[in-house]
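The values are calculated or read from the model by the stated rules, or taken from the named source; none is laboratory data. All values reported here derive from a predicted model rather than from experimental measurement. Positions of Cβ are backbone-derived with ideal geometry, glycine not excepted, and every protein chain shown enters the neighbour counts. Quick note on the areas: whole protein, heavy atoms, side chains included, nothing else; ligands and nucleic acids left out. Shrake-Rupley method; radii C 1.70, N 1.55, O 1.52, S 1.80 Å.
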Amino acid sequence: MRDDGKTKAQLITELTSLRLQYEKIKEQEAKLRASEERYRNFVENAVAGCAEYDLKGRCTFCNEAACALVGLTREEADRARDAVRKIQRTGKTVNLIFTHLVCKDGTTKVVEASISLIRDAQGKATGFRSITRDLTDWKKIEEERERYRTFVDNIDDGCYEFDLEGNIIFCNEGLPRIFGYSREEFLKLDRWKRHINREYGRRVFRLYDRMYKNNVSSSMLEYKILRSDAQIRDYEASVSIIRNQVGQVIGYRGIGRDITQRKKMEHEQQRYREFFENVDDVCAEYDLKGKCTFCNQATVRVFGYSREELMRLRHHERFPNKQEAEKVFNAFHEIYVKRLPVNIVVAEFLCKDGKIKSLEAAMSLIRDADGNPIGFRSIGRDVTERRTMEQELARYRDFMESIEDSCAEFDLRGRCTFCNEAAHRMLGYSRKEYLQLHHRQRFAGPEDIRQVFATFNELYRTGDPAKIYTVNVWCKDGSTKAIESIVTLIRDARGNVVGFRNIGRDMTARKKMEEEQDRLREQLSQARKMEAIGTLAGGVAHDFNNLLMGIQGYTSLMLLDTDPEHPHFTRLKAIESHVRSGADLTRQLLGYARGGRYEVKPVNLNDIVEKSAVMFGRTKKEIIIEQDLAEDLWIVDADRGQMEQVLLNLLVNAWHAMPGGGEIFIRTRNVVLERSHVRSLDVGPGPYVKLTVKDTGWGWTR
């Protein structure tokens, strides 16, 4: 051993120090190897791609992740070169994102690259180091997130989150828009300002609080909100509970919308539905084949079928016969062809219980969105009872308008409110004229007006069932008629008297007949009296004629013995003449009494007229008799006494008709009656003498 001046102890110490250094180096080497292994494993197993490039762009190192990321588009390659130049120029790290990095398998990825310089110990740039990350999934997530954010911010519904105190944590643009605020204004808005008032706001908070207390994760809530313009709107929210990581409720998340318009529509729809289902009209829809596709409850109620049964019925099964089915089919066909609704169709339908009902329906087309016909809509009404009533009413109307009795109604002031045909026809007025007549204009005189007023007034006061009265009324032509009427009261639904109902009958002809009957009855009575007198006169005439025969006989005997120059001869002749006059008088009495014999002789009717007119005119000075006698009047066979009596009766009858005086016209003419003239008479055709007596008096006969 070379002795360099160190002691053994010193050497041992140095050796020990070297051993320790060696062990320390080995330990550091192990740490470096472990660190290198750890970094290698980190780099090799990292998701990010790690790679190094020399200054010429050749890859000098890369991990597995970097190998999986290959391929750049032309634009991305240009961007990478520009970035490398910038790094060389500035020495600063550059971050790039490549959105269309094409992999070996043809897929496209989004890659973020962080590129920096590699320097040697002297600080000289020797290459580039790149760390890349695959952002494809993150980009998808980011795109989805952006899509959701865009969706949430652009929908009309309000999306929001608020804590348990009611403070808004988040809201989209739709929520402030519903309330009429900007986003900034809404987030600063006091929570009570969102509600009608504070009390109503507490009620809304209780709805949310109930979800929390009942542990309901989500619920649909409806309440009212107050807009910035003071409008109160209906609001609907789908609300769910927000929980933290440990499951505690920390707030609420909701999506809400303004449903004011929808509520109005629902209200209108409900009103239409209730109206549709509660009306008595039959509402139904049919397809183009006539099959019922929809109907309301009234249809079920009227026909007695269930809805399902009505839907199954074929077209002809709804009608009692083929004619009614064809009538409705033709109506549907007309609508389809003309494309116009049919106003009214009345048809008979067969009910489930076999009864037949009449329906009055209005029908129209149902069209699709393109305007093409797809069916028919019908709204009908059960008019069975109405048609029965109309038939009854028509029967009553026909009866009332056909009878000869006048039917009229009057209000309490006497104005006519209704009349039948006979009422105005009886007086010669039109219906309009009759209705416009004042009540005083209907009656012939003041006494008639007073009588009608008294009758109506008594009926109104007493409430009697009816009153009968007879009154004279004016006709339009100025004549009068006697009307016998029965009047009753008209009452309203509460029993109050509102007018009078009057039924009248024209009694003019009957009164004339009654007067004629009275006259004939009087004449019959007079005739019976005259018959009795005639019988008596006939007996007296026979006895008187016997006396005259005796006088005639004794006078004739005395004349036989009396010289014509004797003074008694003239007197006896006068007695004989008077006896003949008495005999003529006796014959007249016998003819009048119809008990004697008639002497039919040829007579000149003008002589009888002249003598009778002279005799009658002497006693009736107030009567002027005008004669128009034919000069060439034919001689007729007649009983002179009978003709004188007939003419006298006519003159007396004319005198009775002219109590204040007047004129009588007597005319004689020759006439020839043809067979057609005497067809209704009990005489034969041939020549006759016509006697006409006419007066200026009044009466039923002239």
Qualifying positions in the stretch 484-498 - open to solvent by 50 Å² or more (accessible area, probe 1.4 Å) and not acidic (Asp, Glu): Ile486, Arg491, Ala493, Arg494, Asn496, Val498
Hey, Thr692 hits all of (1) part of a strand (DSSP E or B); (2) surrounded by 12 or more Cβ atoms within 10 Å (Cβ to Cβ) but one; which does it fall short on? (2)
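Of the residues Lys109, Lys140, Lys104, which is at pLDDT below 75, open to solvent by 70 Å² or more (accessible area, probe 1.4 Å), more than 13 Å from Glu52 (Cβ to Cβ) and touching a helix residue (DSSP H, G or I) at 6+ places or on another chain (Cβ under 9 Å)?
Result: Lys104 is the single residue among Lys109, Lys140, Lys104 that is at pLDDT below 75, open to solvent by 70 Å² or more (accessible area, probe 1.4 Å), more than 13 Å from Glu52 (Cβ to Cβ) and touching a helix residue (DSSP H, G or I) at 6+ places or on another chain (Cβ under 9 Å).
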Determine whether Lys322 is open to solvent by 80 Å² or more (accessible area, probe 1.4 Å), touching a Ser or Thr at 6+ places or on another chain (Cβ under 9 Å), more than 18 Å from Phe276 (Cα to Cα) and not hydrophobic (A, V, I, L, M, F, W, C). no
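Here's the yes/no breakdown for (1) outside any strand (DSSP E or B); (2) open to solvent by less than 40 Å² (accessible area, probe 1.4 Å); (3) touching a Pro at 6+ places or on another chain (Cβ under 8 Å); (4) of a type outside the set (A, V, I, L, M):
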site: Leu359; (1), (2), (3), (4): no, yes, no, no
site: Leu365; (1), (2), (3), (4): no, yes, yes, no
site: Arg377; (1), (2), (3), (4): no, no, no, yes
site: Thr388; (1), (2), (3), (4): yes, no, no, yes
site: Ala422; (1), (2), (3), (4): yes, yes, no, no
site: Arg425; (1), (2), (3), (4): yes, no, no, yes
site: Lys432; (1), (2), (3), (4): yes, no, no, yes
Six or more apart or on different chains, Cβ under 9 Å: which pairs go from a residue in the stretch 8-33 that's free of Cβ contacts under 8 Å to residues at least 12 places away in the same chain to one that's surrounded by 10 or more Cβ atoms within 10 Å (Cβ to Cβ)? Could you list them? Glu14/Lys6
Mind listing just one residue for me: the one in the stretch 444-478 that is under 43 Å from the mean Cα position of the chain (by Cα) and of a type in the set (D, E, K, R) and, of those, surrounded by the most Cβ atoms within 10 Å (Cβ to Cβ)? Lys467
Just wondering, is there one or more residues in the stretch 236-249 that are farther than 23 Å from Asp157 by Cα, in contact (Cβ under 8 Å) with a residue 12 or more places away in the chain, not in a loop (DSSP other than H, G, I, E, B) and not small (Gly, Ala, Ser)? yes
Only one of (1) touching a residue at least 24 places away in the same chain (Cβ under 8 Å); (2) touching a helix residue (DSSP H, G or I) at 6+ places or on another chain (Cβ under 7 Å); (3) β-branched (Val, Ile, Thr) fails for Val346. Which number is that? (2)
Is it the case, given these coordinates, that Asn502 is at pLDDT 90 or above, closer than 21 Å to Leu437 by Cα and polar (S, T, N, Q)? yes
Restricting attention to the stretch 609-642, report how many residues are open to solvent by less than 70 Å² (accessible area, probe 1.4 Å), part of a helix (DSSP H, G or I) and within 19 Å of Asp695 (Cβ to Cβ). 5
With touching a residue at least 60 places away in the same chain (Cβ under 8 Å), farther than 30 Å from Glu236 by Cα and open to solvent by 100 Å² or more (accessible area, probe 1.4 Å) as the only criterion, which of Asp280, Asp287 stands out? Asp280
Take the residues of the stretch 434-467 that are among the hydrophobic types (A, V, I, L, M, F, W, C) and in a helix (DSSP H, G or I): which is farthest from Gly495 (Cα to Cα)? Ile449
